[in-house]
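Take a look at the structure below.
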Amino acid sequence: MAVLKDTLTLQDAVKITGPQAFNIMIKPVGSLCNLKCHYCYYLDKAEIYGGKEPRMSEQMLEHFIKEYIAANDVRDVFFNWHGGEPLLAGLDFYRKAMAFQKKYADGKHIHNTLQTNATLITREWAEFFRANNFLIGVSLDGPQNVHDRYRGGKGGASVFDRVIKGIMELYRAGVQYNVMATVNRQSEGRGLEIYQFLKSAGTRFIQFMPVLEHTKDGLIVDPQVQGARIAPWSVSPEGYGRFLCDIFDYWVRNDVGKVFVNQFDAVLACWCGAQPGICALAQTCGGNSIIEHNGDLYPCDHFVYEGYKIGNVLETDLRTLMNSTKQVRFGVDKRNALPDECLKCQWFFTCHGECPKHRFNTTDKGETGLNALCEGYKLFFSHVAPYMEEMKSLLQSGRPASEIMKML
C-alpha cells in the first residue's frame, strides 16, 4: 500500500486542474443546538472553541459568501446550512445571507439547502424557505418510539410532536423537503416499518445514515483515541445490512421511480459505472468540506478535529485552501489507504471502502482501515445484486428502471 499512498490518478488530476466545483457545509452556530441527541457527533465540537459556540458574524458571513461563489467555477452554486441546529442563527441572519448571495451571485444560480431537527420551524420560517426556494432536510428517525429513543430535548424530553408540527408547517407552505433518518440500535429489525412511516411524512426522498460512533468519558471521540469504545447506540454491521435489505425488498417491488432512497440510487449508479451522488460510496473525498462559525475549514464534518483543520478563510483564500496539499491528500487517502482486502473485494466497485470515519477495523492479515460495517454491506450488496443487474439492463436498453416492478 505504500506504493499507492501518494498516487494520483488521471481522474484526480482532471478534478484538481479542471474547473473548480465543490460543496461546503456551513455551520453558522457551530455545534450549538436546542436538543441533546445521544448519538450527535457534533455537539462535543464546542470543546475545540473553549466550550462556547458564538454565532457567525455578519462580516464573516459576507466574506464567506463572496469567496465561496467566486471560488466555484460552475454555473450552479450550492449553500448547505448545517449545525448543530442552524435555525438558532435566527431568521434575520438568513435574510442577510440571501442579500449577500444576490449581491455576489455574478450571474450564477444560487441554491440553498438546510438540515434541521424541525422543532423550531414556524409559519414565518416556512414562508421564508418557500420564498427563497430552500430545500429542507428534516431529521426524523422513524415513529415516536424510535425517534425519541436517542433524540430528545435537554433533560430527555420528547420532541417528536414538535418535529411533526414543523413538518406540517413546511407541507402547508409548499416547501420542498426530504427526510434524513439515522439507523441506530433502536432501528434494527424495523426497517420496513420505519420506511413506511417516513413515506407517510409526505416526502419522496429519504436518506438513511448509519450511526457508528466511539465514546470516551461521555464524549464522542475519534476512534483512534486510546480507550475509545463503540457507543451503545451504534448499529451493528449485520443489523444495518438487514435494515437496508428489508426496505429494498419492498421498494424494488413497489416504489422504484416513486420514492428515492439515497443508498439504493447510489448503488444503482455505481452498478452502471456512474458517480454515486453520495460521498460515502465515491472513490475519493474532499468535495464536501465544512466551515465553522469563525472561518475554520475542515475536510468533512465527521473530521472536525484539530489535526484535520485545513486553515481559516480569513487567513487564506478559499480556493487556495480547497486546493491545498492537505485537502487533496485527505480526499485521495479514501482510496489510497484501503487495505488489500478491500481492493480485491467483489463489491469494491460499488462500496469503495465506504466512509473513512467507519474504517477502524483490521483485516485478518493485520491491515488497518477495514470498514466496521463491511459485513453488513456485503450482505446488502449480495442481496440486491440480481435486481441491480436487471435495472442496469433496463437503463442500458433505454427503458426506465421502474419496469422491474412489472417484471417482479
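Checking Tyr104 against (1) open to solvent by 40 Å² or more (accessible area, probe 1.4 Å); (2) touching a helix residue (DSSP H, G or I) at 6+ places or on another chain (Cβ under 8 Å); (3) within 18 Å of Val175 (Cα to Cα); (4) not charged (D, E, K, R), only one condition comes out false. Which one?
It fails just one condition, (3).
Within segment 121-154, can you find the residues that are open to solvent by 10 Å² or more (accessible area, probe 1.4 Å), over 28 Å from Glu188 (Cβ atoms) and assigned to a loop (DSSP other than H, G, I, E, B)?
Thr122, Asn132, Asn133
For the structure I just gave you, tell me whether Leu338 is open to solvent by 30 Å² or more (accessible area, probe 1.4 Å), assigned to a loop (DSSP other than H, G, I, E, B) and touching a residue at least 60 places away in the same chain (Cβ under 8 Å).
So Leu338 fails the test.
Just one of Asp317, Asp301, Asp340, Asp333 is in contact with a strand residue (DSSP E or B) (Cβ under 7 Å, 6 or more places away or on another chain) and of a type outside the set (Phe, Trp, Tyr); which is it?
Asp301
Residues of segment 261-310 being open to solvent by less than 50 Å² (accessible area, probe 1.4 Å), among the charged types (D, E, K, R) and in a loop (DSSP other than H, G, I, E, B), which ones?
Within segment 261-310, Glu292, Asp301 meet the criteria.
Could we say that Arg172 is modelled with pLDDT of 95 or more, farther than 30 Å from Trp125 by Cα and open to solvent by 10 Å² or more (accessible area, probe 1.4 Å) here?
No.
Name the single residue, out of those in segment 311-323 being assigned to a loop (DSSP other than H, G, I, E, B) and at pLDDT 95 or above, that is least open to solvent (accessible area, probe 1.4 Å).
Among them, the one singled out is Val313.
Being buried (at least 17 other Cβ atoms within 10 Å of the Cβ) and part of a loop (DSSP other than H, G, I, E, B) narrows it down to one residue among Ala157, Ala201, Ala181; which is it?
Matching residue, one of Ala157, Ala201, Ala181: Ala201.
From the residues in segment 57-81 that are open to solvent by 10 Å² or more (accessible area, probe 1.4 Å) and in contact with a helix residue (DSSP H, G or I) (Cβ under 8 Å, 6 or more places away or on another chain), which one is farthest from Thr316 (Cα to Cα)?
So, considering only residues that are open to solvent by 10 Å² or more (accessible area, probe 1.4 Å) and in contact with a helix residue (DSSP H, G or I) (Cβ under 8 Å, 6 or more places away or on another chain), the one farthest from Thr316 (Cα to Cα) is Glu58.
Picking from Ile206, Ile167, which residue would you name as being touching a residue at least 12 places away in the same chain (Cβ under 8 Å), open to solvent by less than 20 Å² (accessible area, probe 1.4 Å), touching a helix residue (DSSP H, G or I) at 6+ places or on another chain (Cβ under 6 Å) and not small (Gly, Ala, Ser)?
Step by step, each of Ile206, Ile167 is checked, and only Ile206 is touching a residue at least 12 places away in the same chain (Cβ under 8 Å), open to solvent by less than 20 Å² (accessible area, probe 1.4 Å), touching a helix residue (DSSP H, G or I) at 6+ places or on another chain (Cβ under 6 Å) and not small (Gly, Ala, Ser).
For Ala118, all conditions in the list (1) out of contact with any strand residue (DSSP E or B) (no Cβ under 7 Å at 6 or more places or on another chain); (2) surrounded by 20 or more Cβ atoms within 10 Å (Cβ to Cβ); (3) modelled with pLDDT of 95 or more; (4) assigned to a loop (DSSP other than H, G, I, E, B) hold save one; what is the number of the exception?
Here Ala118 clears every test but (1).
The values are calculated or read from the model by the stated rules, or taken from the named source; none is laboratory data. Every value quoted in this text rests on a predicted model; they were computed, and no experiment measured them. Heads up, the Cβs are rebuilt from the backbone with ideal geometry, glycines too, and the neighbour counts pull from every protein chain shown. Ligands, DNA and RNA are excluded from the accessible area calculation, which covers all protein heavy atoms including side chains. Shrake-Rupley method; radii C 1.70, N 1.55, O 1.52, S 1.80 Å.
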